[in-house]
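Below is one structure, written out as structure tokens; comments come after it.
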Amino acid sequence: MLGNTAYEAIDSNPYSSFGATLARDDEKNLWSMPHDVSHTEADDDRILYNLLVVRNQQATDSEEWQKLNYDIYTLRQIRREVRNRWKHILEDLGFQKEADSLLSVTKLSTISDSKNTKKARELLLKLAEETSIFPTSWELSERYLFVVDRLIALDAAEEFFKIARRTYPKKPGVPCLADG
């Protein structure tokens, strides 16, 4: 755990976003796994990062620190669960060896074909509306847009949707497990 002064020293470094220290990487990590190379700063990453900053400004083990720590843990668990759902479907599609790389999204990731952007966005919304692959309270993450784009390029997007719909059906009035 970082103390306030160590964290402030890291945070005040104007170059910290270019080569974040390992401690900061652990705290800001996209999938909440230490040293995950797929880190990116999407909106949900900033939410997690802001929670971490506020928590680290609290006295350790204070009631506020404990509440923030629980929120951080919960957010990370939801992310893991969503990622595991995607990985499970990718493996069902036959991408056992490629699943992790298909889910890896970095700042350098690009959409394979700009013509696919609209189709990828539509399919992502369809996944959110017609399956329980995401919690109902989940704001769609841009990183999954990149994953869907990759699936379109591999001509596997529609099959992914079919498996997601079958494996994680949307049940009206029943929140999915990650809906806390």
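The values are calculated or read from the model by the stated rules, or taken from the named source; none is laboratory data. Owing to the predicted nature of the structure, the values given are computational and were not obtained by experimental measurement. Neighbour counts run over all protein chains shown; Cβ positions are idealised from the backbone, glycine included. Protein only, heavy atoms only, side chains kept; ligands, DNA and RNA dropped before computing areas. Shrake-Rupley method; radii C 1.70, N 1.55, O 1.52, S 1.80 Å.
Using a Förster distance of 25 Å, how high is the FRET efficiency between residue 162 and residue 51, based on the Cβ-Cβ distance and rounded to 0.05?
0.10
Between residue 139 and residue 106, what is the label-point separation in nm under the 7 Å Cα-to-beta-carbon projection?
Here the modelled spin labels are 2.6 nm apart.
Within the set 87/171; 67/119; 118/162, which residue pairs have Cα atoms separated by over 31 Å?
67/119
Taking the Cα-to-Cβ direction at residue 121 and at residue 75 and moving 7 Å from each Cα, how far apart do the two end points lie in nm?
Between residue 121 and residue 75, the label points sit 2.5 nm apart.
With +1 on the Cβ of every Lys and Arg and -1 on the Cβ of every Asp and Glu, and nothing else charged, how large is the dipole of the range 43-167 about its Cα centre, in debye rounded to the nearest 20?
Computed about the Cα centre, the dipole is about 200 debye.
Taking all protein chains in place and a 1.4 Å probe, what share, in percent, of the accessible surface of the range 43-167 do carbon and sulfur account for?
It is 48 percent, rounded to a whole number.
Using a 10 Å cut-off on Cβ atoms, rank the peptides 143-155, 84-96 from the highest mean neighbour count down.
In descending order of packing, they fall as 143-155, 84-96.
What ratio of Cα Rg to 2.2 N^0.38 Å holds for the range 43-167?
Against the empirical 2.2 N^0.38 Å value, I get 1.21 for the range 43-167.
Per 0.36 nm of contour for each residue apart, how much would the distance between residue 62 and residue 97 grow if the chain were fully extended, relative to their Cα-Cα spacing?
8.2 nm
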